[in-house]
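Read-outs: derived from the displayed coordinates by stated rules, not from any lab. Predicted, not measured: the structure shown is a model, and the values here were computed from it. Neighbour counts are summed over all protein chains in view; Cβ atoms, including those assigned to glycine, are modelled from backbone coordinates with ideal geometry.
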């Protein structure tokens, strides 16, 4: 076998490995694209805005056995918009059930004891009565160690996840916003006041 033929075979084999590596790394990465919403837009687009903490969580398949959801029992400490309830059930995409795990980039289900301000709407996919977070992760303002509340994904996402914001015709990394609890309450209250005077 000539050196030229051996080189071609080696190059063809390495191209196959490079292609396989690129394909596998592309499959391993998770990506989500959102259209950014301000606190005002989230408030307007939500039936409920509540603050409180998560009590417990579990994951389960939907009735068609196609999607796994994580359900979280959430103790409401203050209702900023909507009907006053003491406890609500929140449904988020992803979780682990029956030996399978499904993930959505940027979505990390609430952990037991975690404090948050949630922007919510009635669920449309099942009869559980669960509420869904408005704007995917955007309507979930988790309390940070600093005491501020953030709907950013950097603190809770995994390294192989990409979350983009589509704005003005361009994709940019989604970073979210951070507020004090009083700032969130004031902005929500201002929207409700404007809506009531219309």
25 °C / 0.890 mPa s Stokes-Einstein diffusion coefficient of region 37-98, Kirkwood radius on C-alpha pairs, µm²/s | 188 µm²/s
Take the Cα atoms of region 30-196, build their convex hull, and give its volume per residue in Å³.
-> 125 Å³
In percent, how large is the relative contact order of region 47-198, given Cα pairs closer than 8 Å and 6 or more residues apart?
-> 19 percent
Neighbour-count order for 143, 193, fewest beta carbons within 10 angstrom listed first | 193, 143
